[in-house]
Amino acid sequence: MDKKVLSQLESIKTDNVNGAEALAKKSAELFRWIAERGRPRSAEEFTGIIRATAKALVNAQPAMAGIFNLANAMLIASEDVREIARMRSVITSTAERFLDSSAEHTKKIAAKAGRLIHSGQTIATHSFSSTVFQSLLAAKESGATFNVICTESRPMMEGVALARSLANSRIPVALVTDAGVGATLERADIVLVGADSIGLEGLVNKAGTMALAAAARRFKLPCYALCSTNKFVPPSCRVLHEKEGDPREILRERAANVTPRNFYFDLTPLEYLSGVLTEHGLLRGETIKKRIRNLKVHPFLR
């Protein structure tokens, strides 16, 4: 495999800060680079490169449904192509369609989020979801005035980055510790979170999302996930959320008889959510599961 491709795969694998949208975009750009700069000697070799890249990307970030669905789309689109020039065209157009659709879906969700975000609300969120961020900006631009509670989202502090971005957009923010979110929800009206993937098992997102959703249930607050259907994964592909990060991110120096476990993601049952706002509108329980069951997956990724 080309050194450039290997370097980009490693960059995506070790990226513990960027969210699902950014990583899917980096993956699409990698496929596009392969289509434009790769030097396969035959269509068969080209197919092998695409398959190897698709599998490597999925293994690099197994919790990211956007990457899985991009890889799946690449394999399906290129399956019966037998000419190098045609393969280049197919891979490039598939990458561009994915990037365009992701951007368009985010815009549609942000426009529809006005149904959930109203003046006078206090909105709680966790980590840094670009879809949630864009939805909050769209609500502000439409004239709504509201406050936001952001968690720190340790250990990489994505919530701090979101708090700063919202503050720079003149949206009032309270920044709280992850452990203190339960106490602050008494002052919240609604919880909005993003998603890295959604399967039949539930919502995979930054570790701490499940605790926030459970606390929302305790306070009888509506809790919605904002995400594109590009983040739905088929039943044949188990939603993976067990990835652990560098233990030094939570314990810099070794301590005898202490084993640091740095979980990056957790799994929130769908019943903990009031609904999922997608580009198609607000979806709930059985409707979400029906869409997931109808998804197709290329045999190479099963």
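The values are calculated or read from the model by the stated rules, or taken from the named source; none is laboratory data. Predicted model, so just to flag it, every value in this text is computed and none were measured. Every residue, glycine among them, receives a Cβ derived from its backbone with ideal geometry; neighbour counts consider all protein chains shown.
A few points about this structure:
- Residue in the stretch 177-187 that is modelled with pLDDT under 95, surrounded by fewer than 17 Cβ atoms within 10 Å (Cβ to Cβ) and under 17 Å from the mean Cα position of the chain (by Cα) present: no
Yes or no, residue by residue, for (1) modelled with pLDDT of 95 or more; (2) among the β-branched types (V, I, T); (3) out of contact with any Ser or Thr (no Cβ under 7 Å at 6 or more places or on another chain):
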| position | (1), (2), (3) |
| --- | --- |
| E244 | no, no, yes |
| R252 | no, no, yes |
| V258 | yes, yes, yes |
| T268 | yes, yes, no |
| T278 | yes, yes, no |
| G285 | no, no, yes |
| K296 | no, no, yes |
| F300 | no, no, yes |
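- With a requirement of 1 or more residues that are farther than 30 Å from G159 by Cβ, without any contact (Cβ under 8 Å) to a residue 12 or more places away in the chain and among the aliphatic types (A, V, I, L, M), the helices (runs of 4 or more DSSP H) lying completely within the stretch 1-97 that satisfy it span 3-13.
- When restricted to residues that are part of a helix (DSSP H, G or I) and under 20 Å from G285 (Cβ atoms), the stretch 185-201 contains 0.
- Which listed residue is closer than 15 Å to C237 by Cβ, of a type outside the set (V, I, T), outside the structural domain of E242 (by TED's automatic domain parsing) and surrounded by 15 or more Cβ atoms within 10 Å (Cβ to Cβ), from L30, L70: L70
- Filtered residues of the stretch 258-292 (kept if exposed (fewer than 12 other Cβ atoms within 10 Å of the Cβ) and more than 29 Å from V17 (Cα to Cα)): E286, K290
- Of all the residues in the stretch 202-231, those that are within 17 Å of A65 (Cα to Cα) and assigned to a strand (DSSP E or B) number 7.
- In the stretch 199-208 there is at least one residue that is surrounded by fewer than 16 Cβ atoms within 10 Å (Cβ to Cβ) and either under 21 Å from R291 (Cβ atoms) or outside the structural domain of L277 (by TED's automatic domain parsing) (or both).
- Look at the stretch 272-299: where a residue is touching a residue at least 60 places away in the same chain (Cβ under 8 Å) and among the acidic types (D, E) and a partner is buried (at least 19 other Cβ atoms within 10 Å of the Cβ) and not in a helix (DSSP H, G or I), sitting 6+ places away or on another chain with Cβ atoms under 9 Å, you get E279/S228.
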